[in-house]
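Enquirer: Next up is a structure, given as structure tokens.
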Amino acid sequence: MSAADPIRAELETLHALAERALQQQRRLAEENHSLRHAQEQLAGERAELVARNDMARTRIEAMIQRLRALEQAPQGN
């Protein structure tokens, strides 16, 4: 057994650890990208729902005003 054998084994172990760390970093970067895309998509959907909710609220308030006006109108029989 030469003196280089333990050093070679340690270098191979370090190389394997570095490779594993790089793979994990790539996986996490991909997952992060995917999550950011999903977050942007959900934010867009939320904005659309808020706009639709506001439009519905406006229409309902207008209907209520029309109903109140009908209640206050003189009844012609």
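Quick note: the coordinates plus some simple rules give every number you see, no bench work behind them. Here the structure is a predicted model, which is why all the values come from computation and not from measurement. Backbone-built Cβ (ideal geometry, glycine too); neighbour counts: all protein chains shown.
Enquirer: Suppose we filter A69, A62 for residues that are among the hydrophobic types (A, V, I, L, M, F, W, C), exposed (fewer than 10 other Cβ atoms within 10 Å of the Cβ) and either in a helix (DSSP H, G or I) or touching a residue at least 40 places away in the same chain (Cβ under 8 Å) (or both); which single one remains?
Expert: Matching residue, one of A69, A62: A69.
Yes or no, residue by residue, for (1) exposed (fewer than 10 other Cβ atoms within 10 Å of the Cβ); (2) touching a residue at least 24 places away in the same chain (Cβ under 8 Å); (3) at positive phi; (4) among the small types (G, A, S):
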position	(1), (2), (3), (4)
D5	yes, no, no, no
A9	no, no, no, yes
Q23	no, no, no, no
L28	no, no, no, no
L42	no, no, no, no
L49	no, no, no, no
Q75	yes, no, no, no
